[in-house]
Every structure is written in C-alpha cells, then in structure tokens.
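The values are calculated or read from the model by the stated rules, or taken from the named source; none is laboratory data. Since the model is a prediction, treat every value here as computed from it, not as a measurement. Cβ sites come from the backbone with ideal geometry, for glycine too, and all protein chains shown count toward neighbours. Areas reflect the complete protein model, heavy atoms only, side chains present, ligands, DNA and RNA absent. Shrake-Rupley method; radii C 1.70, N 1.55, O 1.52, S 1.80 Å.
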Amino acid sequence: MPPFRAIGRYIISLALLAMPAARAQEPGETIEVEGERPKGSARAPGAAGTIIDLAQFGGEVRSVAELLLTAPGVSVHSLGGPGQAATLSLRGASADESLVLLDGIPLQGAGGGAVDLASLPATLLDRMVVSRGVLGAQFGAGALGGALELLPRAARSSWTGGAELSAGSFGTRRAAFDLAMPIGSGSAIVALQGDRTSGKFEFARQITPEIAGAPYYGFARENADSTRGSGLARITQQLGSETAINLLLQGSAGTRGLPGPAGTPTPRSRQSDRGGLAGLGVRGETDGLSWSARASGRVDGIEVRGVQAYGDCQDGTPDCPRLHQTSSSARGEGELIVPAGSSQRLRLLLSGGGEWVRGGDTGAHRREVLAVAASDDMALPLGFSLHPALRLDKIGKDAGVSPALAAQWGPGPGHPLQLRAAWGLSFRVPTFSELYLERGGVAPNPDLQPEHAWSIDAGAEWRTALLTLSGNVFWSTYRDLILYQLFPPGQVKPLNVGQARIAGLELQVVVPLPGRFFGAVSYSFLDAVNRRDGHKLPYRSPHRLFVRLAHRGDRVEGYGEMSFTSALPRNAFDTAFVDSALLLNAGAGVRAVGPVWLDVEIKNLLDDRTLEDVFQYPVPGLSIAVIARARL
C-alpha cells in the first residue's frame, strides 16, 4: 500500500459519508424530482437520454465534466487535475464523434475537433441533456455517439440574482455571479464565472510497474495551473402576443500549463485560448404553424507554446515555434412545425453557413455547410408512437444522408411503463486538423473520407413518484474510422482504416426517499471491439458505476457519492491497462443566515494518490473546498 494513505482519513471518509447526504431548498424555490423533469431531448424523441439538472448540485464545486459522469453511457477523458482539458465520449464513440451544442448552437474545438469541456462554465448553465445513439438525423452529421445539449440559464421576469465563492486545496478558487431583471417587454440575465488553481498536488507512481510489488515514489505535479473567466448574457423580448426574439452572447478565455503525463512531464508547455459565440433568434406562431429562425456565429482561438512532437521545448527558441490556430463558423437556420391533424406533427428544417480555420500548421481553409431535414411525430392507436427523421448534410466536398426511426409504446396515459426502440445511421466528416494539420511528427491527409456508423437500441422505463427505473441495450457498428498510423520515415498520418463494433448496457435508478433524501444509481457496460483484429478498443472502460445519496432540508444539506471505473486497455493489443479507480466524494452545508449557505466539500476521500486517468495523467488526492453562496 502506498505510504501516503492514513487510517485517520478513512475515519473522516466514513464519518462524512454517514452524514445526511444534496442541495437544500432555497427560499421561494421549487424542488423538482429528477423523474418529474422532461424525459429527454425535444429534438430526439424516442432516443435514450438523461437530463442533468444543475440545481441538484448547489453547494458543490462541479465542472461540466464531473456533472456528466452522473449519467449512464458517458465517459470523460481528462488530462489530470482541475482546469485541465477534458473531452466527452458517448457509448464508446470518440470525442470527435459526439456533438456539443450550447442553446442549439454547435460548438467545436480548435481545428474543428472535440470540445474541451473545461472551457465550459458550469455555473452559467441550467440543465444538460445527454442523448445517446447515432443521432445524425436529429442533430446533424457527427453525432455518431450522441449529443450533449447545454441549456444556459434563462432570463426571468423579475429581479433575481445569486453569488457563489469557493476556495480549496491546490490554490483552487471560484467566483460566480448572476443577475436577472425585467427589460421592456421581456427580460435579461447576465452571469459571470472566474476560476483559478495552482494545480500543484502530490501524487505517487511506480517507476517499474511491470515488476510485481514495485514500490511507489512520491512526486509533485508542476505546471498544472489554470486561470479562466467566462460570461453569458441572454435577452428575451416579446414582439407581439405570439412572437418573441432572443439574443444569446457567451464568451470564455483562459490560460493554463500543460503538465504532460506522469511519466513524461512537460514543465515548459503552456496554452492560452479564447472563444465566444452569438445567436439571434426569433420564434412565433401563425395560423396554427410554429416557426423559428436564427443566425449564429462562433469563433475560437488557441495558442500553444513550448510544445514539440515528443516532450516540451523552450519557448522563443528557433526550434520551438508557437502554434496559433483560429476556427470559426457562421450559420443561419429556419424551422417550421406543421400540425397534421391531432396526432401528427411534421418538422422541417433548413440551415446553411460556413466553417473556417486559420493557423501556421494548418494553413487557411474554409468549407460550406448546408443541411435539409424533416422529422415527424406520429401518435398511433394502442399506445404506439413513431418518430421518423431524415437529414441531408453537405459539409465541404462531402455529403451524406442520415435516416433514423424511433418508436415508443405505453399502456396508456399516466401509466408508469414506457418501452422504446430506435435505429439510426449517419456519418462524420474529417476535421480541419485531420485534413491539414502538419506539425512535428504529424502528417496531414486531405484525401480522408467520412466515417460512418449505424446503431440500434431498445429500452424500458418505469416512472412513478417513488421510483424511476430505466434500462437500455445498444449495438453500434463503425467503419472508415480515422486512425493515426505510422507514416515513414518518422511521422504518423490519419487514414480511414478502422472498423469497430460497440455494444453495451445502460441502467439508471432514481429514488426519492423519506426524510427528504434522494438516491441515484447509474451503471454502464461497454464491449468495444476492433473488427479487424478482435482486440478491445483502447481507452474504453467495460464497467462504470455511479452511486449518489443526497439530502435536502431547510437548514441542512449534504451528499455522499461513489464512482467506480473498471480497468481498461490503453493500447490496441490488450497488453497494457489503466488500473480500476474508486472515488468517494462527500459534502455538507448549513444555512448560516437568511439566504446564505456555507458548505464544505471533500473529494477523493480515500486520498488515493496513485490514481491516473486513461492517458496516465495523475489525479489529485484528497481535496477540500469551502463554498459560500446566496440567492435572492
């Protein structure tokens, strides 16, 4: 056993987990049980989905990545401690194969790739909707694993506001503020969040892990600091009794060290980024038709310093150039919803725009984006409903069709049982980085073709005031996957050579308990296989379990939770593995005076400093945070 675990910390852990374990009711606030929220995304009826209500996590210092881990079918690939990059994986798909949308506006990372979840401020959001499956017909090309919808805080018709301050281990600080107010014939909200951490923590690892019983040695994490500021503004105005206009502005900027894996640290590598988006939409109803139109734009920039193909280098020297890259997009879309009788609703969508990237290692490139989509919601006799969807996407030189069909059945209105099944087929076009990035040991490949996937799944749900129980099984097949292969003499190059089969099981239980307690359990099983050689796909955990017990009171609140991830392969040959990980977190708080709450939160209660994420970045040991918050 590593020498840094102390029996006293186990005693503290058990004591905290035994305390009343979530968030207390604020004055004038309505507590909503998860089972009473909408069942899933309005854009993907019949799809397997989970809604994460951020109000359930008040008094806790949570990132978007940590919140997502409460849902089944979700994996997060992070690069170490707080403030470091993290990406989303749904049902074993890669980060590039899962879409992320903020209020319906697609987000992208540098080079058009995966979104860094660490750049998304959690306190500015109201809810997150996770939809799983091949959902290109509902969300657009690229949703081969599913989609994450981030729903920002909505403006209010009265003056309300809130503030949160937190301080904790490793020099971690957070300040958040929001204010909502009536304006003219509508309302507005402004929200700000700032985060800072030194990221310096102690960890332990084996120098020779291939030797059984090899000792652990202590190290200190360096160059892992992070600073970020984010803001959001939203204005809604009524233009008439049936027409409204909505403006959304969001921006984020940050800088951080890039510490590297535990075995090959990079103390001289740094990164800074900035980004923002704007969306202007109008919606209304005319003669029974619902319609909406929106224009949106997004720009993201990144600068990386002290980075080379293998390890780090001294910024400013001739052999250590900086990487600058800017990606942007603009699009407009219109949607029309046409009722066809009392049991059918047809939805039509048309959107178009463009994407751009500019950087020293990618050059300047652009491509047009066009989409036409139609979907239908049909209520049939005997409790059945069908949800067909079809979408045509053209992105640059690549075009494809994404069909989908979902079906639902229930014994009758108000009955707790609901059965569902869905099928979908779609594609993902290569990112600008995959097509054009040339840096150090990476070669570009402008001849890449789109990836393709299809999936089928089925599930059942039992939903009552006392219990919500859901389960899903799925099967997905991928072809033309883009994998980086050796490219002589000394580079790697992306090629369409991958084929995979991913199947799995997802379970979730939500139980309101007596005494204002609340319990939730989610479990995911994943079997991901390379169809070319039969080996397991790397970086996919076969088993993941999350358990949470929370208590809400007028004066006292608290929670305890457990997260377990089984061992997973970290190469393509089943010869190297990342060990299983068990994390225990807990927190408790009291209403100090009026609307002011004081909370204490402890993460990694077992103080296991040997934990590493899938890319061998060390995970912090025991950390403590103190949170003060108020809402008026």
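Computed quantities for the displayed model
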item: Accessible carbon and sulfur surface of region 473-622 relative to its total accessible area, %, 1.4 Å; result: 65
item: Part-to-part distance (alpha-carbon centres) for region 199-268 and region 54-124, which is given in Å; result: 10
item: Structure-derived percent of Cα pairs over 32 Å apart: which label, when the choices are (i) 45; (ii) 53; (iii) 50; result: (iii)
item: Among 48, 177, 243 - extreme Cα towards positive end, dipole of the chain, charges at beta-carbon; result: 177
item: Student exercise, region 94-203 dipole from Lys, Arg, Asp, Glu Cβ charges, in Debye to nearest 20; result: 280
item: Most positive-pole-ward Cα, 529, 302, 257, against dipole of the chain from beta carbon charges; result: 257
item: Sites residue 245 and residue 397 - FRET efficiency at Förster radius 60 Å, r taken between beta-carbons, to 0.05; result: 0.95
item: 13 Å cut-off, amide nitrogen to a point 7 angstrom out along residue 499 Cα→Cβ, residues in region 456-491; result: 477-481
item: Burial order of peptide ranges 428-436, 593-601, 90-98 (average beta-carbon count within 10 Å, highest first); result: 90-98, 428-436, 593-601
item: Total lysine pairs under 29 Å (Cα atoms) in the chain, excluding pairs fewer than 8 apart on one chain; result: 4
item: Kirkwood hydrodynamic radius of region 532-632, Cα pairs, Å; result: 16.0
item: Relative contact order of region 74-118, pairs being alpha-carbon contacts under 8 Å that are 6 or more residues apart, as %; result: 34
item: Region 490-611 - charge dipole about Cα centre, Lys and Arg +1 at Cβ, Asp and Glu -1, debye rounded to 20; result: 380
item: Two-decimal Rg to Rh for region 307-462 - Kirkwood Rh, Cα set; result: 1.17
item: For region 323-363 versus region 552-612, the gap between their alpha-carbon centres in whole angstrom; result: 37
item: Dipole of the chain, positive end: most advanced residue of 352, 584, 446 [Cβ charges, Cα centre]; result: 584
item: Packing-based ranking, highest mean first, of 396-403, 314-321 given that Cβ atoms within 10 Å are counted; result: 396-403, 314-321
item: Electrostatic dipole magnitude of the chain [Cβ: Lys, Arg +1; Asp, Glu -1; Cα centre; debye, to 20]; result: 340
item: For the chain, accessible area per residue (1.4 Å probe, heavy atoms of protein chains only), Å²; result: 43
item: Region 114-203 - percent of accessible surface contributed by carbon and sulfur, probe 1.4 Å; result: 59
item: Reciprocal mean inverse distance between Cα atoms of region 92-193 - Kirkwood radius, Å; result: 15.6
item: Apportionment of accessible area to carbon and sulfur, region 222-319, percent (1.4 Å); result: 59
item: Whole-angstrom gap from region 481-521 to region 391-432, using each part's C-alpha centre; result: 18
